[in-house]
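Notes follow once the structure below has been shown.
The values are calculated or read from the model by the stated rules, or taken from the named source; none is laboratory data. Bear in mind that the values here come from a model prediction, so they are computed numbers and not experimental data. With ideal geometry, Cβ positions are generated from the backbone for all residues, glycine too; neighbour counts draw on all protein chains shown.
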Amino acid sequence: MRLSPALPVSLAAPLVCLLAGAVAAESVDVDGDGKLDTVRIEPTGAVVVERAGGGGAFVPFGLTGAMGKTQLSFGGGGAGGKGRPYVVAVAQIGRAWEAIALRWEKGAMKELWRGPVGPAGDDGEYEVWIEARPSGLVRWQRRGDLDRCDGAPVELFREAWDDAAGRWKPARPSVRFPDVTATVKAVPSASLGAGWYRATAATTAAGAGDAGQLVAPRVLEDGDPRTLWKEDRGGDGSGEMFTFRTTMKGGKAAALRVIPGATAGNRVRALTVVGKGATYLVELADAPPGEAVVATFPSPIEGCVTVAITAVDRRGAGNVTSLAELGVIADVELAPGGAEAILAQQVARGGIAGESATRALAGRGASAVQALTAALDQADGTSRPRLLAALGKLRHPAVIEPVARALATGELPEGDREAAAELLASLGPDGERALARVVADPALADPSMKSDEGSRLAAAEVLARTQPRALLQVAGQGSRGFRASIVALVAGAGMPALLAWQRGEHPAPRCSPISRRRRR
């Protein structure tokens, strides 16, 4: 239930009243004498308690202004409270929210805590709420964008009231999921997602002090098992959650890939995966430290998924729980040849999804080159530069010829030309020879090609650092401006370097790359 913008009400608290601009009243045994007392929030801005046996209390709010929505909740009062429940009153007064926590002690209503609730942070990016529940006083934070993928709200930075200390202390997350659809055991596997799913949220992170500081847990998918996500609330990690969302269309969540954390700390033993119409329990009991294991779901899940730590083996005195890698693999990524073709289509369409697809293809070798070149055969004038730019980011020998041709003809976008030339130079002698052919004007060998001098100059700048002797062979070719630029590169190296070139040595020239202004 939401209270402008969002005030959750616990189903576990049986006595809750929500009213807007009116008196909120409930009957509850406040003093533990077995008789129902009356507790209400007055429109004047106060909590009033009327005991059935006579007497009561009047506790004013600190805020002033028009009374908005209100909430009363009651709970706790077990053994230590001797049957006297906590009473929590929350009210929107003017534009702000305030909460008061009370309990009957020694013949009077004792104020345990009061403070601001509701929207918090610089721009109200998260909310703070407090409630009395059967387990006691609970305070938590919430961000709508961090809710679970099954629609359930998530209580972030959950705290419980410590009566003895008279303050809030971090509390273990309280997580309930729908009934488990199936249990899956993770097994060692080399399966690796290409990036269809990305981790977009985590319920805690090292160094985060509130919900506004939570960011996407990139450490879980950086490909480095030495970097770890760690539970940062003083618990064992149970109940902490991660949300994964698709970055591209065409795939569903089909598997979970995990690399457990360091052997010195706690070990995650089980994870619960929740998504649209499915709840899978993933067992990691036999997961070897530092090695990837994959759990394949009985049926793929469409849309986003939430992964929660649900069982932990405690080890070591530090009680530190960590994960090295955690990722969701899409069904198309498990199909042979299926992922590359769909990624190439995403590249052709462009946008943010196209950028993600380009990054995903970068690590898929010859199959990625094949998919992009196949897409080029069907590409139009809009999508062709995108596909060529993606090819120019794949470090594989198969890209040499198509990238060299695109660089020579000027089909590559200007911002991608230098990177493409650097790529060719990094691919060994074959790449360097192709780069030299680009600078030497391939149109001389193939009149059907129309070479682009701007692209050839970008190639020449790189060639001056990798194979400078080749520049001497093209110093007299091309337009007057092109020849002058080549001469500037050659002359910038100085006479000792020129003599070394003539002897076949290849020192790096001292000249700087031609500026864009000079190139024009």
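Okay, here's what the table says:
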{"item": "The range 142-168, residues that are at positive phi and assigned to a loop (DSSP other than H, G, I, E, B)", "result": "151, 166"}
{"item": "Condition broken by residue 270, with the remaining ones in (1) over 17 Å from the mean Cα position of the chain (by Cα); (2) crowded, with 16+ Cβ neighbours inside 10 Å; (3) assigned to a loop (DSSP other than H, G, I, E, B) satisfied", "result": "(3)"}
{"item": "Total residues in the range 404-420, condition buried (at least 23 other Cβ atoms within 10 Å of the Cβ), of a type in the set (Gly, Ala, Ser) and either within 34 Å of the chain's Cα centre (by Cα) or closer than 12 Å to residue 389 by Cβ (or both)", "result": "2"}
{"item": "Per-region count, the range 47-80, residues in a strand (DSSP E or B) and either aromatic (Phe, Trp, Tyr) or within 40 Å of the chain's Cα centre (by Cα) (or both)", "result": "10"}
{"item": "The lone exception for residue 72 - which of (1) under 24 Å from residue 31 (Cα atoms); (2) surrounded by fewer than 22 Cβ atoms within 10 Å (Cβ to Cβ) it fails", "result": "(2)"}
{"item": "Residue match in the range 408-419 (condition: part of a helix (DSSP H, G or I), of a type in the set (Lys, Arg) and farther than 14 Å from residue 461 by Cα)", "result": "no"}
{"item": "Hits in the range 369-411 - residues which are among the acidic types (Asp, Glu) and in the same structural domain as residue 428 (by TED's automatic domain parsing)", "result": "401, 411"}
{"item": "Selection within the range 108-119 - closer than 22 Å to residue 156 by Cβ and either surrounded by 18 or more Cβ atoms within 10 Å (Cβ to Cβ) or not hydrophobic (A, V, I, L, M, F, W, C) (or both)", "result": "114, 115, 116, 117, 118, 119"}
{"item": "Qualifying positions in the range 161-191 - crowded, with 16+ Cβ neighbours inside 10 Å and among the aliphatic types (A, V, I, L, M)", "result": "171, 175, 184, 186"}
{"item": "Total residues in the range 374-391, condition part of a helix (DSSP H, G or I) and over 13 Å from residue 343 (Cβ atoms)", "result": "6"}
{"item": "Conditions (1) outside any loop (DSSP other than H, G, I, E, B); (2) of a type in the set (A, V, I, L, M, F, W, C); (3) in the same structural domain as residue 256 (by TED's automatic domain parsing); number of the one not met by residue 285", "result": "(1)"}
{"item": "Condition met for residue 152 (of a type in the set (A, V, I, L, M) and either buried (at least 17 other Cβ atoms within 10 Å of the Cβ) or more than 24 Å from the chain's Cα centre (by Cα) (or both))", "result": "no"}
{"item": "All positions within the range 151-176 that are at pLDDT 90 or above and touching a Ser or Thr at 6+ places or on another chain (Cβ under 8 Å)", "result": "154, 155, 156, 157, 158, 160"}
